[in-house]
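*Asks:* I'd like to ask you about the structure that follows.
The values are calculated or read from the model by the stated rules, or taken from the named source; none is laboratory data. Note that this is a predicted model, so its numbers are computed, not measured. Cβ atoms come from the backbone with ideal geometry, glycine included; neighbour counts cover every protein chain shown. Calculation scope for accessible area: heavy atoms of the full protein, side chains included, ligands and nucleic acids excluded. Shrake-Rupley method; radii C 1.70, N 1.55, O 1.52, S 1.80 Å.
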Amino acid sequence: MSAKDSPIVTTGDMKEVRLKKSKPLSTKLKDRLFQIVILIWFSIFAICIIYPIIWLGLSGLKSNSDFFLNTWSLPKEWLWSNYKEAWDAGIGQYFFNSVLVTVVSVVAVLLLGSMAAFGLSRFRFKGQNIMLFVILSGLMLAPQVSLIPLYKILQAIGLYNTYGALIVPYVAFQLPFAIFLMRSYFLSIPGELEESAIIDGCNSWRVYWNIILPMGKPIIASCALLTGMNVWNEFMFALVFVEDSSLRTIPVGLMNLRSQLDTNFGIQLAGLAVAALPMIIAYIIFQKQFVRGLSAGSVKG
Amino acid sequence: MKTLRYNRIAILYILPAFLLILSFVFLPIVYNLYNSMFRWSSFDAAKTFVGFNYYGRLFKDPVFYISLKNNSLYAVISLVFQVGGGLVIAAVMEDKLIRKFQPFFRTVFFIPSVISIAVVGLMWQLLYNPEIGLVNGFLHAIGHSRWAHSWLGDSNTAIFAVIFVSQWQYTGYMAMLFLISMQKIPAEYYEAAMIDGASKIKTFLKITIPQIREMILVGTVITVIGAFKVFDEVYVMTGGGPGRSTEVLGTMLYRAAFRNDEMGYASAIGTVIFIITLILSLLQMKLGKSGQEV
C-alpha cells in the first residue's frame with residue numbers, strides 16, 4: 001500500500017484541515033479576551049507584591065513628617081542619610097553577624113552534608129538504611145519542639161550566647177535536607193569513573209574530592225543557596241540562643257531597632273529594606289539554581 | 001572489580017553529620033519529653049517532678065484551644081490560597097497564551113518568599129498601621145473609609161490579618177512548585193486533549209491535576225505542617241495579642257518559657273507540637289509513596 005491511499009494519513013490530514021478551519025474569528029477574540037483578563041489579574045497580583053516592597057525602599061528615604069503626610073508619594077527630599085543612620089544604629093553589626101553565621105553554616109553544611117551523601121550513595125554497608133532513615137526523619141521535625149532543650153544544651157556545653165549557638169543548630173537542622181538533595185544527585189553519577197579511579201589506585205577520599213564533588217557542582221550550588229537563604233532568614237533560634245545585641249543577626253536585630261527607634265519610621269524602614277535586599281538580589285541572580293533546588297525537593301523554610 | 005561498594009569506611013563519611021543531627025535534632029526531642037515532667041525555671045537548677053500534670057493543665061487551658069483554633073485556621077486558609085490558588089496560578093501561567101510572560105510573573109510572585117518572615121512581618125505591621133498604613137490609606141482612597149480599621153489591634157480581625165500575610169508571602173512559592181511539576185507533563189497529553197476539543201477547564205481537571213497529584217499531596221502536607229509550625233510572623237506582628245487572640249502553639253510555648261519562666265509547661269506544649277507534626281509527617285509518608293520526594 002502506498003502512502004497516498006493510506007487511510008491513516010488521510011484522516012490525519014483531514015483533521016489538520018478541520019482544526020485550522022475551526023479557528024474562526026470568535027475563538028480568536030475569545031483567546032484575546034482571555035489573555036487580557038489574565039494579564040490584568042496577574043498584573044494586579046504583581047503590583048500587590050511589588051508595591052509594598054518598593055514602598056518600603058522609598059519610605060526609607062523619607063523624613064518622618066514626609067512619611068506621615070505623604071504616605072503614597074515619592075520622597076520630597078531623598079534622605080539617603082536614613083540608610084546610613086540605620087546602618088550605624090546597628091544594621092551594620094547585624095549584617096556582619098548574619099554574613100558570618102550564614103557563611104560558616106553553609107560551608108559546614110556543604111562539607112558534612114556532601115560527605116554523608118557520598119557515604120550513603122556510593123557505598124553499601126550494614127546499618128545504612130537505618131542511618132538514612134534517621135537522617136531523613138530530621139526533615140520532619142518542628143524546630144519549636146527543640147527550642148527549650150537546645151537552649152539548655154547550649155548553655156550546658158558553653159555555646160549559649162556565642163556565634164556557635166546559632167551555627168551548630170543551623171547546621172544540624174539544615175543537614176537532613178542537604179543530604180537528601182545531594183544523595184539523590186550523587187546516585188545518578190555513573191559508577192565507571194570511580195571504578196577506573198580505584199583501579200588507578202585512588203582511595204575513597206580522592207574519589208570523593210576529585211570526582212564526586214566536581215561532578216556534583218550543580219546540586220551543591222542549589223544546596224548552598226537554599227541553606228544560605230534559610231539561615232539568613234532564621235528568626236526563632238536567633239531570638240533565643242543569643243543574648244548580646246552585638247551577636248544578633250538581622251531578623252532579630254530589626255526587632256531591637258524597632259524598639260530603639262520607636263518613632264523614627266524612615267530609619268526603621270531603611271533598616272528593613274537593607275535586610276530584605278540581599279536575598280532579593282541573590283534570588284534574581286541565581287534564579288536557575290533556586291528553581292533547580294526547589295524541583296529537587298521542597299521544604300518550606 | 002574493586003569498587004567502593006560494600007565498604008565499612010563509608011561510616012566515617014556519614015558519622016560527623018549523623019552525630020550532629022542525632023545530638024542537636026533528635027536528642028532535644030527526648031530531652032523535651034523529660035523536661036515536661038518537671039517544674040523548673042531557667043534560672044534555677046532545681047527540678048520538681050510533676051509527672052503528667054502539665055499535660056492535664058494544658059488540656060484545661062483556654063489559651064491552648066485558642067492556639068489550636070488559630071493554627072487550624074492557618075492551615076485551612078493556607079490550603080485555599082496557597083495550594084488552591086497556587087495551583088490555578090501555575091496552570092494559568094502554563095497556558096500557551098500567557099507563557100511568554102511567564103518568566104516575569106514567576107519571578108515577581110516568588111520574591112516575597114525569599115525575604116525573612118520577620119522582615120515581612122515588620123513591614124506588614126506598618127502597612128496595617130491604622131494611621132499611616134497603606135491598607136487603610138487604600139480604603140480611604142477608594143472611598144470606603146468605613147472599612148478602615150485597626151487590623152492588628154482588633155481581636156476579631158488580628159488573626160486574619162496575620163494569616164493574610166502568609167498568603168501574600170507564600171502563594172507564589174507554591175505556584176512555583178506546581179509549575180515545576182507541571183512542566184514535566186508530556187506535551188502530547190495536551191495536544192491530544194486539544195484535538196479532542198476539550199475545554200481549558202476540562203484539560204486542567206482531567207490532565208493537569210491527575211498528573212501532578214503527588215505534588216499537590218506534598219504541597220498540602222507541607223502547608224498543613226507549616227501551619228502548625230508558625231511562630232515568626234505572629235511573634236513579630238502581634239506577639240499573640242491583642243489579649244491572647246492571635247496566640248498559636250509556637251508563641252504560646254515561647255511565652256510560657258521565656259516570659260513566664262514555666263519551662264516545664266512550655267516543654268509540654270513542645271511535646272504536643274511534636275505529636276501533631278509527627279502525625280502529619282507520617283501521613284505524608286503514607287500518602288505520597290516517595291515520602292519527601294517531589
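*Asks:* Which whole-number percentage describes the relative contact order of chain B, with Cα contacts under 8 Å and a sequence gap of 6 or more?
*Replies:* That works out to 29 percent.
*Asks:* Shifting gears a bit: Residue-wise, which Karplus ³J(HN,Hα) couplings in Hz belong to region A:56-72, taking 6.51 cos²θ - 1.76 cosθ + 1.60, θ = phi - 60°, and x for glycine or proline?
*Replies:* Per residue, the Karplus-derived 3J(HN,Hα) values read 4, x, 6, 5, x, 9, 9, 6, 4, 5, 4, 5, 6, 7, 10, 4, 8 Hz.
*Asks:* Please give me, ordered by residue number, the trypsin sites (Lys or Arg not before Pro) of region B:182-228 that lie in loop per DSSP and have at most 10 other Cβ atoms within 10 Å.
*Replies:* B:184
*Asks:* While we're here: Set the bar at 28 Å for Cα to Cα. Now go through B:100/B:184; B:100/B:206; A:62/B:229; B:96/B:206; B:100/B:202 and name every pair that lies beyond it.
*Replies:* Among B:100/B:184; B:100/B:206; A:62/B:229; B:96/B:206; B:100/B:202, the Cα-Cα distance tops 28 Å for A:62/B:229.
*Asks:* OK, next. Students often forget the sequence filter, so: which aspartates and glutamates lie under 17 Å Cα-Cα from residue B:69 once same-chain residues fewer than 8 apart are removed?
*Replies:* Within the straight-line cut-off, residue B:69 pairs with B:61, B:233, B:247.
*Asks:* Can you compute 3J(HN,Hα) from phi for each residue in region B:196-210, using the Karplus curve 6.51 cos²θ - 1.76 cosθ + 1.60 with θ = phi - 60°, rounded to whole Hz and x for Gly and Pro?
*Replies:* Using θ = phi - 60°, the values come out as 6, x, 6, 6, 4, 5, 5, 4, 4, 6, 8, 10, 4, 4, x Hz.
*Asks:* Same structure again: To the nearest µm²/s, what D does Stokes-Einstein give for region A:149-301 at 10 °C and 1.306 mPa s, using the Kirkwood radius over alpha carbon pairs as Rh?
*Replies:* D = 87 µm²/s.
*Asks:* Something else: Just in region B:180-213: which chymotrypsin sites (Phe, Trp or Tyr not before Pro) are loop by DSSP and have at most 14 other Cβ atoms within 10 Å?
*Replies:* Sites meeting the loop and neighbour criteria: none at all.
*Asks:* Checking understanding here: applying a Kyte-Doolittle mean of at least 1.0 and a length along the axis of at least 27 Å (C-alpha), which whole DSSP H helices in chain B pass?
*Replies:* Once both thresholds are applied, what remains is B:158-182, B:263-287.
*Asks:* Over both sides of the B-A contact, add up the buried accessible area with a 1.4 Å probe and give it to the nearest 100 Å².
*Replies:* For chain B against chain A, roughly 9600 Å² becomes buried.
*Asks:* Carbon and sulfur: what percent of region B:163-233's accessible surface (1.4 Å probe)?
*Replies:* Reported share for carbon and sulfur atoms: 64 percent.
*Asks:* Could you tell me which of A:75, B:42, B:9 has its Cα farthest along the dipole of the protein assembly as shown towards the positive end, charges placed at Cβ (Lys, Arg +1; Asp, Glu -1), taken about the Cα centre?
*Replies:* B:9
*Asks:* What does the highest-first list of A:177-189, B:47-59 look like by mean Cβ count within 10 Å?
*Replies:* Listed from highest to lowest mean packing, they are A:177-189, B:47-59.
*Asks:* Then there's this: Treating only the Cβ of Lys, Arg, Asp and Glu as charged (+1, +1, -1, -1), what charge dipole size does region A:63-205 show about its Cα centre? Round to the nearest 20 debye.
*Replies:* In debye, rounded to 20, region A:63-205 gives about 500.
*Asks:* For chain A, what is the charge dipole size about the Cα centre, in debye to the nearest 20, if Lys and Arg each add +1 at the Cβ and Asp and Glu each add -1 at the Cβ?
*Replies:* For chain A, the charge dipole is close to 1240 debye.
*Asks:* Compute the distance from the alpha-carbon center of region B:224-294 to that of region A:120-170, in whole Å.
*Replies:* 18 Å
*Asks:* Under the rule of at least 5 residues apart or a separate chain, name every residue whose amide H is placed under 5 Å from the amide H of residue B:38.
*Replies:* B:50
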